[in-house]
1. Just grab the label-to-label distance for residue 61 and residue 35, each label 7 Å out from Cα along the Cβ direction, in nm (one decimal).
2. Give the calculated FRET efficiency between residue 86 and residue 106 to the nearest 0.05, with a Förster radius of 22 Å applied to their Cβ-Cβ distance.
3. For segment 75-183, compute Rg over Rh where Rg is the Cα radius of gyration and Rh is the Kirkwood radius from the inverse mean 1/r over Cα pairs.
4. Fully extended, how many nm does the chain gain between residue 47 and residue 157 (0.36 nm per residue separation, minus their Cα-Cα distance)?
């Protein structure tokens, strides 16, 4: 039995009035997802176990690296005289070595995480698409404020993950801290 179109629209309008605090796709995402098979559930459980283990292994590796090679020095190198970076500016992502020296043991710089997939963009030149002042944190289900963070044109996550059997199709933008970027003259 099919529900008439008018009744569907009324139901949707009533639901939106109830969910007045958020009127976006995330409110209705449970209605479109498919039920996982038992194999997929087992793989998801594997990911839930391996992801924190991988994070802890990276932390311990970085901690050991800092102790042995840097004599205990941690990241967060301050970049002085950094020109302001605005949307439309041409920027070059710093080298892998420069960025690694800025990161702390958790691979973060001033709270901004630098993930493995971002290393392939080191040394490349891009245009700044937008300054990110706010973003929606899906895990916490709230709007978060950020500073000194930009989004680069055409630089998106490929969705490749070693822990998953399939890749993600979302093409999310990476958040780039302004200190990871160097401004390039437009004349060049």
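Each value in this text was obtained by applying a stated rule to the coordinates, not by laboratory testing. Just so we're clear, the structure is a prediction, and the values are computed from it rather than from any experiment. Methodologically, a virtual Cβ is constructed for each residue, glycine included, from the backbone with ideal geometry; neighbour enumeration extends over all protein chains shown.
1. 4.0
2. Values: r = 29 Å, r/R0 = 1.32.
Computed FRET efficiency for residue 86 and residue 106 comes out at 0.15.
3. Computed over Cα atoms, the ratio is 0.95.
4. Details: separation 110, 0.36 × 110 = 39.60 nm, distance 1.85 nm.
Taking 0.36 nm per residue and subtracting the Cα distance, the gain is 37.7 nm.
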